[in-house]
Amino acid sequence: MRALLTGAGNMGRAIRGALEARGDAVVGMTGRADRPDPAALAPVDVAFEFSHAETFLPNLRLAADAGCRSIVVGTTGWAHDPAIAAGLERLIAERGLRVVVGPTFSVGVILFTEVAVEAAKRFGRFPEFDPFIVEQHRRAKADRPSGTANAIAERMLPHLPAKRRALLPEGQGAPDPATLEVVAIRAGVHPGMHIVGFDAPGESIELQVTARDRSAYVAGALLAADRICADPDRPAGLIPFASLIGEILAGPAAS
């Protein structure tokens, strides 16, 4: 597999190491100021876009200009920008791109989210169990709370009759009882931790997933790339990473 990396940060370097370790070719690794000639990179089977919102669309255009149709996107902070979202939609339609996106590329977090939703369906029927979400990441992480925490909260809320919204703690005093609190901790170099809890007067239940390092995210990004490259007939469009995991879950069990 010939891969282009648009992003030279921690994840880009980790993905490059994993690709090279398994014998794949890395045709290029671009930073913010590095704009190579697309023709010199072609052909490109898959691109990994792990950079910043401001370089997101230019990087996707670079990959498309190099002949790439399959792109794995781990960049955050662009989804709520209408201009970027519209630009992505146009680019997909014009170039026939298959773009895998998700708030996380950790398979463990995707499965953890499903468990959290199932827990919300059950504990949500008992108002004495008050739900909460806590997440911790490195101090330098740009978004707060994490996209993963927001995604978990959005999936849980429909099954929590006592909660109308999910918010970071604000101001002083007790929060509105109808708020699902999402607490974000930013400190040090922590690669990622999420807790979903249900607290009642006499007992407390906590579900937790903790990343030891970036290898879980790298493994998920490579899994996404392998699946879309193995299916050249998959139509163009946005492909949630969670849906790829759903396809695996729906298929025959591994022997």
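A short reminder: the numbers here are calculations on the coordinates, not readings from a lab. Remember, predicted model here, so these are calculated numbers, not experimental data. As a convention, Cβ positions derive from the backbone with ideal geometry for all residues, glycine included, and neighbour counts pool all protein chains shown.
Regarding segment 19-29, can at least one residue be identified that is within 22 Å of the chain's Cα centre (by Cα), surrounded by 16 or more Cβ atoms within 10 Å (Cβ to Cβ) and not small (Gly, Ala, Ser)? Yes. Where helices (runs of 4 or more DSSP H) fall entirely within segment 1-83, those with at least 2 residues that are among the basic types (Lys, Arg) are at 10-21. Taken together, the residues in segment 65-94 that are of a type in the set (Lys, Arg) and crowded, with 18+ Cβ neighbours inside 10 Å amount to 1. Checked against the criteria, residue 86 counts as free of Cβ contacts under 8 Å to residues at least 12 places away in the same chain, small (Gly, Ala, Ser) and not in a loop (DSSP other than H, G, I, E, B).
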